[in-house]
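Report on the following structure.
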Amino acid sequence: MRRDLLEHILCVSRHVAETRSLTSLLNYVMDEAIELVGAERGYIVLIQPDGTPDVRVKRGTGGVELDAAADQVSRSILNRVVETSQPLVLRDAMKDPRFDASESVVILGLRSIMCVPLGARGQTTGAIYVENRSIRNRFCEDDLPPLILFANQVAVEIENARLFEALQRANDELEIRVEERTAELAEAKAAAEAVNAELQRRNEELQEALSTIKTLADFVPICAWCHNAIKDEKGRWLSLELYIETHSEATVTHGICPECAKDAKARV
């Protein structure tokens, strides 16, 4: 393998190691892989936890995003690489006896294809798939080693980026749950404080009522001479009217009893 090619792959690996965003990482890897082998378009497929393939990146030359019509790969070729964990190079897929009957190869008019597995921790986690639909024999077996080395260099970093994003999502979800729980506790605290304030208010009212009842239930010192003055708890002599009004909820009104009425009539 050429020295300049190795240096380029190492430079790409250093850049990949510094990237934490999975989307940015996959786009960069795809662009570099297309340039590395001179492909027309490329795809990065990641295997989901349930085993289904997820085409995460679809790029053309110059970093162009492929439209929906071009966003297709040969599932039969991709599945072969993922299942066997072995790279594959096809000079002309439409004439290859392994895939010439594949519906996707015929419909898409596939020609030159290379597909190498992405592996991390002893498992195949995806694949890099590059192709050229307009030229036969664009790729050969000599083109595989650089792409395989490139895939091996970036596979672990891709998996680390996936784990980092999963951890970030878990942290975000945890923060949301903590914020929601904090808000719930704040509401509960405010409600408890309101209840306590209401209980305190009612307790004060009850104590005041009990104090009034107790005052009127005790011995009440009344003037033995005029019978119109009462001594309160502070030692003050108050009129009967004032004492009743300050020691109960009653309001004094005035009238004249029958005895006083007779006396008043006699005096007149």
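Values in this text are rule-based calculations from the coordinates and carry no lab data. Model, not experiment: these values are computed from the prediction. Here the Cβ positions follow ideal geometry from the backbone for every residue, glycine too, while neighbour counts run over all protein chains shown.
Quote the Stokes-Einstein diffusion coefficient, in whole µm² s⁻¹, for the range 117-218, based on the Kirkwood radius over alpha carbon pairs, a temperature of 20 °C and a viscosity of 1.002 mPa s. Provide the component values of the computation, followed by the final result.
On the way: Rh = 21.0 Å.
Diffusion coefficient, whole number: 102 µm²/s.
Can you show me the helix-derived [θ] at 222 nm for the chain, built from DSSP H runs with n ≥ 4 at -39,500 (n - 2.57) apiece and divided by the number of residues, rounded to the nearest 500. Display every interim value, and only then the final one.
Values: 7 runs with 139 residues, N = 268.
Result for the chain, helices only: -18000 deg cm²/dmol.
Which residues make up the longest stretch of the chain that has no chymotrypsin sites (Phe, Trp or Tyr not before Pro) in a DSSP loop with at most 14 other Cβ atoms within 10 Å? All intermediate terms of the calculation are to be shown ahead of the outcome.
On the way: sites that count: F219, W225.
Longest gap between qualifying sites, sites excluded: 1-218.
To the nearest 20 debye, what is the magnitude of the charge dipole of the chain about its Cα centre, counting +1 on the Cβ of each Lys and Arg and -1 on the Cβ of each Asp and Glu? Intermediate results must be reported in sequence, preceding the final value.
Working: 32 positive and 44 negative charges, 60 e Å.
Computed charge dipole of the chain: roughly 280 debye.
To the nearest 0.05, how large is the calculated FRET efficiency for C140 and A166 if R₀ is 30 Å and r is the Cβ-Cβ distance? Intermediate values should be presented prior to the final figure.
Details: r = 38 Å, r/R0 = 1.28.
The formula returns an efficiency of 0.20 here.
Hey, what did the chain get for relative contact order, percent, Cα under 8 Å, at least 6 apart? Can you show the working numbers first?
Working: 319 pairs, mean separation 38.5, N = 268.
Normalised by residue count, the contact order of the chain is 14 percent.
Pick out which of R177, R59, R236 has the largest mean-square fluctuation in a Gaussian network model of the chain, springs linking Cα atoms closer than 10 Å.
The residue that fluctuates most here is R236.
Indicate the gyration tensor shape class of the range 219-267 (rounded, prolate or oblate), computed on the Cα atoms with a ≥ b ≥ c the square roots of the eigenvalues: a/c under 1.5 is rounded; otherwise a/b larger than b/c is prolate and the rest oblate. Write out the running numbers ahead of the final one.
Numbers: a/c = 3.54, a/b = 1.75, b/c = 2.02.
Since a/c reaches 1.5 but b/c is at least a/b, the shape of the range 219-267 is classed as oblate.
About the Cα centre of the range 3-162, how large is the charge dipole given +1 on each Lys and Arg Cβ and -1 on each Asp and Glu Cβ? Please answer in debye to the nearest 20. The partial results should precede the final answer.
Details: 18 positive and 23 negative charges, 34 e Å.
Dipole size: approximately 160 debye.
List R133, R41 from most exposed to least, where exposure is judged by having the fewest other Cβ atoms within 10 Å. Could the numbers behind the result be given before it?
Working: R133 15, R41 20.
Lowest to highest Cβ neighbour count: R133, R41.
Give me the distance in nm between label points sitting 7 Å out from Cα along the Cα-to-Cβ direction at T253 and R177, one decimal.
About 6.9 nm, to one decimal.
Given 0.36 nm per residue, what is the gain on full extension from E233 to R14 after removing their alpha carbon distance, in nm? If you can, show how the numbers build up before the last one.
Details: separation 219, 0.36 × 219 = 78.84 nm, distance 9.15 nm.
So the chain would gain 69.7 nm between E233 and R14.
Taking every alpha carbon pair in the range 3-162, what does the distance histogram look like in 10 angstrom bins from 0, in percent?
For the range 3-162, the pair-distance distribution reads 11, 44, 36, 9, 0.
Considering the chain as a Gaussian network with a 10 Å cut-off on Cα pairs, which listed residue, T61, T125, T251, attains the greatest mean-square fluctuation?
Checking each option, the largest mean-square fluctuation is seen for T251.
Over the chain, one equal point on each Cα, no solvent: what is log10 I(q)/I(0) by the Debye formula at q = 0.07, 0.10, 0.13 Å⁻¹?
Debye intensities relative to I(0), on a log10 scale: -0.47, -0.68, -0.89.
Placing +1 at every Lys and Arg Cβ and -1 at every Asp and Glu Cβ, with all other atoms neutral, what dipole size does the range 79-173 have around its Cα centre, in debye to the nearest 20? Please list the in-between numbers first.
Numbers: 11 positive and 14 negative charges, 65 e Å.
Using only the charged Cβ atoms, the result is roughly 320 debye.
Which of the GluC sites (Glu not before Pro) across the range 154-203 are loop residues per DSSP, with 12 or fewer other Cβ within 10 Å? List each step's numbers first, then the result.
Numbers: sites: E157, E159, E165, E173, E175, E179, E180, E184, E187, E193, E198; in loops: none.
Here no loop site has a sparse enough neighbourhood.
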